[in-house]
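**Student:** The structure's right below; bear with me while I get my questions together.
Every number in this text was worked out from the coordinates using simple rules, so none of it is lab data. Treat the numbers as computed from the prediction; the structure is a model and nothing was measured. Counting neighbours? That spans all protein chains shown, and the Cβs are built from the backbone with ideal geometry, glycine included.
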Amino acid sequence: MGDFNLSGEQTGNLQQQFYDNAAQLNYPKALEILSQLISSGCEEPGLLYDGAKYSFELKNYQQALQLIEKVLSLSPVHVGARILQGRIFLTLNYLGEALSVFESVVIHCDPNESQKSELRKILAFFFKNNLSLLQNQYRNLFEFMLGKSRDLSLSSNGVVLIPAPGTPLVETSGHSLKIGFYMKYAKHSLTSRGNVLGEEIYAETMCRLLKNSGFAGQAELYAPNYLPKSRQDIMIYLSDTPLVPEWADKHILYLQNGYADSKKQLEKLYSFGYDAYMFISDKLLDIHRGRSLKPGLFLPFGVDTSVFYPREHDERLKCDVAYVGNDIKGKERTLKFLYPAINFDFALYGRWSLIYPNEVWKNERYQLKFAQKCRGKIPQEYVPVLYSTASINLNCTIQDLIDWDTITLRSWEVLACKGFLISDGSPHSVKNLSDYIVFTDGGYDLHKKIKYYLAHPEERKAYAERGYKYVLEHETIEARMKELIDFLSAL
């Protein structure tokens, strides 16, 4: 939405509507009104902070962070905004960032007694099993929790937490399982200008569920720009990287990317000496079992239904065909399974910039077309809305994953949003999932199927309903975490 000017009376009316809708818990409408106010130049920290809180309640964490950034640009010592920012970082499992934010509140801000109490409760809840981290690495926070009111006291056997009156005593002298995940790319792809990294989002979800289950006292995603500061019990590597012995007692490879030849890649990775292996392909697990005596697990993707669920249709995202992804599938598969949508109302999101922007003739024809068609990087919180809104969603898979009978996470995410999906597929997926997904051979077959299903919305709806029920029963990440916990417990 472009900038526009509002009169003082109009601004006042919109602010009143904003708070009226919020009072009725109609946060989506309130945030829609806030968007109008921001476009008209609204710079009231209190209003923006309230919008951030409502976004947080809706789990629109990226939107909340963007609003908090606006608040802090206007009022750098806004304590409420900084505490909320830290809470969001904790929710997203950005532990280091959260602690840095909380430390800045203690050192640079002047929280009132209510805010101090809130911060102590947050720290007590999230770090009841890992207070040594605060004591050893975030001394200012630790001393703040001790405070003049002695809200925290030390026992002879360990750390004893006494948060706020009426809350139970929690002792953390025992050992708490620490699980790390490591990826070879930098963290925070959601807020960067580069590609969104699916493995980052997926790993953060696994960390959250492992902690919520009580199996792990600490579970965190590490990366080259966020290395572990303490030794883990288990480190799970999401990328083809050598293990680092000093990082953990046990090292596990979770092979979840596509390669030119995954079998050859696996042979190479055996030389790194992992203690166990996990695969998103049952076929690769069979090969592993014939090749190695080390433990192995088939752990396919599962969808996070707290994020991906049916949403109200959004007219701004309405389209005939949608695809979210980047130009990484290769020319052959892109031409077969995406390009046939070019002459429809095709909403293409991701990174599809020209490889040779200054020498246009060197680019492939599809790259020229897609660079013009691409709508850019879609905010992650809008992806489920797009899947629910688009008439047809497309899925295009790297050939290696097709060869190994792998189902991509995008497939389950679309179905979990009651979206209609047309996808490429392996013989196994075509045989077992054709009641829920329309499979295509690509090319003209895809063009025909897009045209047919656009003209038959009742059939699209029937597929979407069946797919939604199937995913909830069989393909959730909660189910996958139960399998992972059983596997880790046996190591």
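**Student:** May I ask for the net charge around residue 215, where only other residues with Cβ less than 15 Å from the Cβ of residue 215 are counted and Lys, Arg are +1 while Asp, Glu are -1?
**Tutor:** Charge balance in the 15 Å sphere: +1.
**Student:** Collect residues whose amide H, placed 1.01 Å from N in the peptide plane, falls under 5 Å from the amide H of residue 222; neighbours closer than 5 in sequence don't count.
**Tutor:** Amide H to amide H, under 5 Å and 5 or more residues apart or across chains, residue 222 pairs with 181, 182, 183.
**Student:** Cα centroid distance between the stretch 362-388 and the stretch 214-286, in Å?
**Tutor:** 31
**Student:** How large is the helix-only mean residue ellipticity at 222 nm for the chain, computed as the sum of -39500 (n - 2.57) over DSSP H runs with n ≥ 4, divided by its residue count, in deg cm²/dmol to the nearest 500?
**Tutor:** -14500 deg cm²/dmol
**Student:** Is any helix in the chain, taking whole DSSP H runs, at least 24 angstrom long along its axis by alpha carbon and on average at least 1.6 on the Kyte-Doolittle scale, and which ones?
**Tutor:** None pass (Cα extent of 24 Å or more, hydropathy at least 1.6).
**Student:** Another question, then. For a Förster distance of 35 Å, can you work out the FRET efficiency between the beta-carbons of residue 399 and residue 58, rounded to the nearest 0.05?
**Tutor:** Approximately 0.35, to the nearest 0.05.
**Student:** Might you report the magnitude of the Cβ-based charge dipole of the chain about its Cα centre, with Lys and Arg at +1 and Asp and Glu at -1, to the nearest 20 debye?
**Tutor:** The calculation lands at about 720 debye.
**Student:** Also: Note down the relative contact order for the chain as a percent, whole number, built from C-alpha pairs under 8 angstrom at least six residues apart.
**Tutor:** 10
**Student:** Percent of Cα-Cα pairs more than 26 Å apart in the stretch 344-491, please. Don't skip to the end; give the middle numbers.
**Tutor:** Numbers: 3799 of 10878 pairs.
Distances greater than 26 Å cover 35 percent of the Cα pairs.
**Student:** If I model a spin label as a point 7 Å beyond the Cα along the Cα-Cβ vector, how far apart are those points for residue 241 and residue 486 in nm?
**Tutor:** So the label points at residue 241 and residue 486 sit 3.0 nm apart.
**Student:** Quick check on my link table: of 268/362; 29/469; 318/369; 187/329, which ones sit more than 27 Å apart, alpha carbon to alpha carbon?
**Tutor:** 268/362; 29/469, as the Cα separations exceed 27 Å there.
**Student:** So if each residue of separation counts as 0.36 nm, and I subtract the Cα-Cα distance between residue 375 and residue 69, what length gain in nm does that give? Kindly include the intermediate steps, with their values, before the conclusion.
**Tutor:** Working: separation 306, 0.36 × 306 = 110.16 nm, distance 2.44 nm.
Extra length from residue 375 to residue 69 when fully extended: 107.7 nm.
**Student:** Averaging over all projection directions, find the projected area of the Cα convex hull of the stretch 1-87 and quote it in nm² with one decimal place.
**Tutor:** For the stretch 1-87, averaging the hull's shadow over all directions gives 5.4 nm².
**Student:** Between residue 257 and residue 434, 0.36 nm times their residue separation minus their Cα-Cα distance comes to what?
**Tutor:** The residue 257-residue 434 span can extend by a further 61.3 nm.
**Student:** Computed FRET efficiency, Cβ-Cβ of residue 26 and residue 318, R0 22 Å: what is it to the nearest 0.05?
**Tutor:** Using R0 = 22 Å, I get an efficiency of 0.50.
**Student:** Can you grab the distance from the C-alpha centre of the stretch 398-420 to the C-alpha centre of the stretch 424-450, Å, no decimals?
**Tutor:** That distance is 11 Å.
**Student:** So, one more: Which ordering of 103, 332 is given by a fewest-first count of other beta-carbon atoms within 10 Å?
**Tutor:** Ranking 103, 332 by Cβ neighbours within 10 Å, fewest first, gives 332, 103.
**Student:** Based on alpha-carbon atoms only, what is the radius of gyration of the chain relative to the globular estimate 2.2 N^0.38 Å?
**Tutor:** The reported ratio for this selection is 1.06.
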